[in-house]
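Student: Take this structure, written in structure tokens, and hold onto it; I'll ask about it next.
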Amino acid sequence: SQPSILSGKKVLLTAGPTREAIDPVRYITNHSSGKMGYALATAAAKAGAEVTLISGPTNLPDPKGVTTVRINTALEMQAAVMERVDESDVFIGSAAVADYRPASVAEQKIKKTQDKDDMTIELVKNPDIIAGVAGCTNKPFTVGFAAETNDVAQYAQSKLERKNLDMIVANDVSRKDIGFNSDQNEVTVFWPNGHQALPNLAKGTLAETLISLIEKRLSETTQ
Ligand code: C5P
């Protein structure tokens, strides 16, 4: 087989959900399994890249041949990413980062009140990690994901532009058979001036296809 353009290159990925503490025993999170990001990390390592995976809490084992860094919160994920972004050639943001976190973390377990039937938790916006990466002076080839329930192509393309990404992988999460916790996924990939719809594939096969597409775009955009 041909030597990969990714051979010896540094690939940084995020995967899984983030976990945002409310108090010492409670948190806000989402249903991301991390499967897609872990499969991408494995595929990038197989292509000869030096891979670092910044992972939120998942039930998956660390991928073989990959440096895996475990974090919990979006702020921890951002710090772990920004620490390594300068030396990275490719960044893939497959994590489902919580958009908001509790404004403050209670030091003690929040007690149920007897006199009130409602309670409010104030949330503040988390930083957009991938937009931060794409805003760096020494920006790596930056790949994002877009999970949409409607107007997938339109939202994906505007996200590509708004976040200054080099590629975006869009999937329709309104479909129960694919995406999030599934072992299969069917996506369309967008880049400036092009797109490609991929068939429904097992996440491992899809990851290898996406890594090939990244290699192709890399060889077309770097001389
Ligand atoms: O804007 P939206 O969350 O739909 O964008 C999804 C893409 O942005 C994914 O690649 C995701 O990993 C990344 N993202 C991020 N930091 C956030 C929110 C999303 O890196 N706070």
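Student: Cα extents of region 1-110 along the three principal axes, largest first, in whole Å?
Tutor: The principal-axis extents, from largest down, are 58, 27, 19 Å.
Student: Mind listing which GluC sites (Glu not before Pro) in region 24-95 are in a DSSP loop and have 14 or fewer other Cβ atoms within 10 Å?
Tutor: GLU83
Student: Related question: Average projected area of the Cα convex hull of region 74-183, in nm²? Intermediate results must be reported in sequence, preceding the final value.
Tutor: Working: hull surface 40.5 nm².
That works out to 10.1 nm², a quarter of the Cα hull's surface.
Student: Follow-up. Is it possible to state the helix-based mean residue ellipticity at 222 nm for the chain, with each DSSP H run of 4+ residues giving -39500 (n - 2.57), the sum divided by total residues, to the nearest 500 deg cm²/dmol? What is it?
Tutor: Working: 5 runs with 57 residues, N = 223.
The per-residue figure over the chain is -8000 deg cm²/dmol.
Student: Here's a follow-up. If you add up the charges near TYR155, with Lys and Arg at +1 and Asp and Glu at -1, over every other residue whose beta carbon is less than 14 angstrom from its beta carbon, what do you get?
Tutor: Around TYR155, the surrounding residues sum to -1.
Student: Can I ask one more? Could you check how much of the accessible area of region 83-223 is carbon and sulfur, as a whole percent, using a 1.4 Å probe?
Tutor: Numbers: 3780 of 8350 Å².
Answer for region 83-223 is 45 percent, counting heavy atoms of protein chains only.
Student: Check which residues have an amide H placed less than 5 Å from SER88's amide H, if you skip close sequence neighbours.
Tutor: none
Student: For region 46-128, what's the radius of gyration and Dmax over Cα atoms, in angstrom?
Tutor: Looking at region 46-128, its Cα Rg and Dmax stand at 17.6, 61 Å.
Student: Now a separate question. Please build a GNM for the chain, connecting alpha carbons under 10 Å apart, and tell me which residue among LYS116, LYS163, LYS35 fluctuates the most.
Tutor: Result: LYS116 has the largest fluctuation of those listed.
Student: Between GLU161 and THR149, with labels modelled 7 Å along Cα→Cβ, what's the label distance in nm to one decimal, could you check?
Tutor: The two pseudo-label positions are separated by 2.5 nm.
Student: Turning to a different aspect of this structure: Between LEU123 and VAL105, what is the label-point separation in nm under the 7 Å Cα-to-beta-carbon projection?
Tutor: Between VAL105 and LEU123, the label points sit 1.8 nm apart.
Student: In addition: How would region 137-222 be classified by its alpha-carbon gyration tensor: rounded, prolate or oblate, with rounded meaning a/c under 1.5 and the a/b versus b/c comparison settling the rest? List each step's numbers first, then the result.
Tutor: On the way: a/c = 2.12, a/b = 1.36, b/c = 1.56.
Because a/c hits 1.5 or more and a/b fails to exceed b/c, region 137-222 counts as oblate.
Student: How much area per residue is accessible in the chain when the probe is 1.4 Å and only protein heavy atoms are counted (Å²)? Can you show the working numbers first?
Tutor: Working: 12130 Å² over 223 residues.
Per-residue accessible area for the chain comes out at 54 Å².
Student: Give me the accessible area of ILE130, 1.4 Å probe, in Å² rounded to the nearest 10.
Tutor: So the heavy atoms of ILE130 present about 20 Å² to solvent.
Student: Also: When the scattering of the chain is computed by the Debye formula from its Cα atoms alone, each counted once and equally, what is log10 I(q)/I(0) at q = 0.08, 0.17 Å⁻¹?
Tutor: Summing over Cα pairs of the chain leads to -0.30, -1.23.
Student: Taking only the Cα atoms of region 6-62, how large is their convex hull per residue, in Å³?
Tutor: Numbers: hull volume 4.3 nm³, N = 57.
Once divided by residue count, the hull of region 6-62 is 76 Å³.
Student: With every protein chain kept in the model, how would you rank ARG19, ARG162, ARG101 by accessible area, 1.4 Å probe, largest at the top?
Tutor: The ranking, largest first, comes out as ARG162, ARG19, ARG101.
Student: Most mobile of LEU13, LEU53, LEU210 per a Gaussian network model of the chain (Cα springs, under 10 Å)?
Tutor: LEU210
Student: Given the options ASP117, ASP128, ASP23, which has the most mean-square fluctuation in a GNM of the chain, springs set between C-alpha atoms less than 10 angstrom apart?
Tutor: Ranking ASP117, ASP128, ASP23 by mean-square fluctuation puts ASP117 first.
Student: Taking every DSSP beta bridge with both residues inside the chain, roughly what % is antiparallel (nearest 5)? Walk me through the intermediate numbers first.
Tutor: Working: 16 of 41 bridges.
Roughly 40 percent of the DSSP beta bridges within the chain come out antiparallel.
Student: With θ set to phi - 60°, apply the Karplus curve 6.51 cos²θ - 1.76 cosθ + 1.60 along region 162-170 and write out the HN-Hα couplings as whole Hz, x wherever there is a Gly or Pro.
Tutor: 4, 8, 6, 8, 8, 7, 9, 9, 10
The values are calculated or read from the model by the stated rules, or taken from the named source; none is laboratory data. These numbers were taken from a predicted model, which means no experiment stands behind them. Reconstructed Cβ throughout: ideal geometry from the backbone, glycine too, with neighbour counts over all protein chains shown. Accessible surface is based on the protein model in full, side chains and every heavy atom, while ligands, DNA and RNA are left aside. Shrake-Rupley method; radii C 1.70, N 1.55, O 1.52, S 1.80 Å.
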